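First comes the structure, then the notes that go with it.
The values are calculated or read from the model by the stated rules, or taken from the named source; none is laboratory data. Fair warning: this is a prediction, and the values are worked out from it, not measured in the lab. Reconstructed Cβ throughout: ideal geometry from the backbone, glycine too, with neighbour counts over all protein chains shown.
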Amino acid sequence: MVWQTIKRWYHMLGSPRYFYTFSSALLPWLTPIALLVFTVGIVWGLAFAPSDYQQGNSYRIIFIHVPASSGALMGYMAMGVAGLVAVVWRMKMAEVMMKAIAPFGAALAAISLATGALWGKPTWGTYWQWDARMTSMLILLFMYVGVIALQNVIRDPRQAARAAGLLAMVGVINVIIVKYSVEWVQTLHQGSTLKLVGESTINPAMKYPLLISMLGTWLLYAVNVLVRARTEVVWRERRSKWVRKLVKGGGQ
Amino acid sequence: MNPVRKQRLLVVLAVLIGLGIACGLMFYALRQNINLFYTPQQIASGEAPLDAQMRVGGLVEPGTVIRNPDTLDVTFGLTDGKGRFTVHYQGILPDLFREGQGIVANGTLVSRTRFEAEEVLAKHDETYMPPEVQEALEKAGHPGAKKAGEYN
């Protein structure tokens, strides 16, 4: 029963036309919710959360650094899954999704590296060290840029998606290295504060704004992916009847 | 599943597993080089080479920080509970440097007990809490309490 439902969704969302109608209904709701959650998290964290016992106020960059990093990692995982579906099942929507996921993820990875450097100077005493976490995060940014480049350098979008999908899948190995680098080897970077299992080592007064700004960033990412995917769908289906009708009707 | 897709899936999975194993082996082989620093235990056991540029990391031993009042010279003991040695540094220490703090120093090991640092970086752990909470923990003698810093 559950399997049947999943299978039906897969086929429904696999249809560009259905995706377009579905996202038209979803976006007017999702966009304001995402903006609201993001604003609440950031303002709460930057202005109202208490200062840290060791780092004072400079720790507040965590409310930008951690959401950006987690978004970049999750986005890459999603892009890897889309890549697998695109390469094995040749599903058009997976190709579209891969193309929609990459730019925002690359931007988040860049923000993560930049805020990390700015945070590192006052706390560690250096902008950059070639430790495992920082190096693997830099590689993640390069993987994103590589996927974007492959998508653009091959003219046929279907062939481009296959090449980029392969690169996206291979890069998933690096995501695992980024995640566990602070546990497997000695790094300057701290270990994970938020833990999937077990108690997080952050005071609740700081944890909640952090979780909310993370959720807000993920929702904004989702909005961005939907908007980009819609544009890509319309471009790819430009010769189909429904898109012609849509364009004639002024987008309605 | 359609046989063509099945074959594609198998090829992709084989490539991924192969690459995963290759990366795992590489990571394992390079583990010592990927580690950012040597620990005091490794220094004590003679794993770290003398007179070579390297990084060491450990905790600043409480009560061992000696500052020269006229110059920027400072010496302190670095320990991980299994080994210890003295670090000498001339320069400005990062704000988070204090007794009991984790640090990473870049420099040369002059002998098994003395390290000449050119750069000292402060590590911080994954614990975040407001100063009041930290004070309350310390007052109650909670084992999770850390030494309060002068940094505000």
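In segment B:9-19, is there at least one residue being within 13 Å of another protein chain (Cβ to nearest Cβ), in contact with a strand residue (DSSP E or B) (Cβ under 7 Å, 6 or more places away or on another chain) and of a type outside the set (A, V, I, L, M)? The answer is no, given that none of the residues of segment B:9-19 is within 13 Å of another protein chain (Cβ to nearest Cβ), in contact with a strand residue (DSSP E or B) (Cβ under 7 Å, 6 or more places away or on another chain) and of a type outside the set (A, V, I, L, M). The residues of segment B:1-16 that are of a type in the set (S, T, N, Q) and surrounded by 11 or more Cβ atoms within 10 Å (Cβ to Cβ) amount to a single one, B:GLN7. Note on segment A:197-252: residues that are of a type in the set (S, T, N, Q), surrounded by fewer than 18 Cβ atoms within 10 Å (Cβ to Cβ) and assigned to a helix (DSSP H, G or I) total 1. Being without any contact (Cβ under 8 Å) to a residue 40 or more places away in the chain and either in a helix (DSSP H, G or I) or not hydrophobic (A, V, I, L, M, F, W, C) (or both) is a description that applies to A:PHE22. Among the residues of segment A:194-229, those that are in contact (Cβ under 8 Å) with a residue 40 or more places away in the chain and β-branched (Val, Ile, Thr) comprise A:ILE212, A:THR217, A:VAL223, A:VAL225, A:VAL227. The numbered conditions (1) out of contact with any Gly (no Cβ under 6 Å at 6 or more places or on another chain); (2) within 24 Å of B:LEU13 (Cβ to Cβ) are all true for A:GLY125 except (2).
Among the numbered conditions (1) at the interface with chain B (Cβ under 9 Å from one of its Cβ atoms); (2) modelled with pLDDT under 90, the only one that A:GLU183 does not meet is (1).
Of the residues making up segment A:34-65, those that are aliphatic (A, V, I, L, M), in contact with a helix residue (DSSP H, G or I) (Cβ under 6 Å, 6 or more places away or on another chain) and either under 24 Å from A:ILE101 (Cα atoms) or not in a helix (DSSP H, G or I) (or both) are A:ALA34, A:VAL37, A:ILE42, A:ALA49, A:ILE64. Give the residues of segment A:43-80 that are aliphatic (A, V, I, L, M) and more than 17 Å from A:TRP218 (Cα to Cα), sorted by residue number. Within segment A:43-80, A:LEU46, A:ALA47, A:ALA49, A:ILE61 qualify.
Table: residues versus (1) crowded, with 19+ Cβ neighbours inside 10 Å; (2) of a type in the set (Val, Ile, Thr); (3) at pLDDT 95 or above.
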site: A:ARG90; (1), (2), (3): no, no, no
site: A:ALA100; (1), (2), (3): yes, no, yes
site: A:PHE104; (1), (2), (3): yes, no, yes
site: A:ALA109; (1), (2), (3): yes, no, yes
site: A:LYS121; (1), (2), (3): no, no, no
site: A:TRP124; (1), (2), (3): yes, no, no
site: A:TRP128; (1), (2), (3): no, no, no
site: A:ARG133; (1), (2), (3): yes, no, no
site: A:MET137; (1), (2), (3): yes, no, yes
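What's the number of the condition A:GLN159 fails, among (1) touching a Ser or Thr at 6+ places or on another chain (Cβ under 6 Å); (2) more than 9 Å from every other protein chain (Cβ to nearest Cβ); (3) over 19 Å from A:LEU141 (Cβ atoms)? Answer for A:GLN159: the failing condition is (1). Residues that are within 14 Å of another protein chain (Cβ to nearest Cβ), surrounded by fewer than 20 Cβ atoms within 10 Å (Cβ to Cβ) and within 13 Å of the chain's Cα centre (by Cα) do occur in segment A:66-77. Of the helices (runs of 4 or more DSSP H) lying entirely inside segment B:1-59, those containing at least 3 residues that are modelled with pLDDT under 85 and not acidic (Asp, Glu) span B:3-29, B:31-34.
In the set A:VAL153, A:VAL147, only one residue is buried (at least 22 other Cβ atoms within 10 Å of the Cβ) and away from chain B (no Cβ under 14 Å); that residue is A:VAL147.
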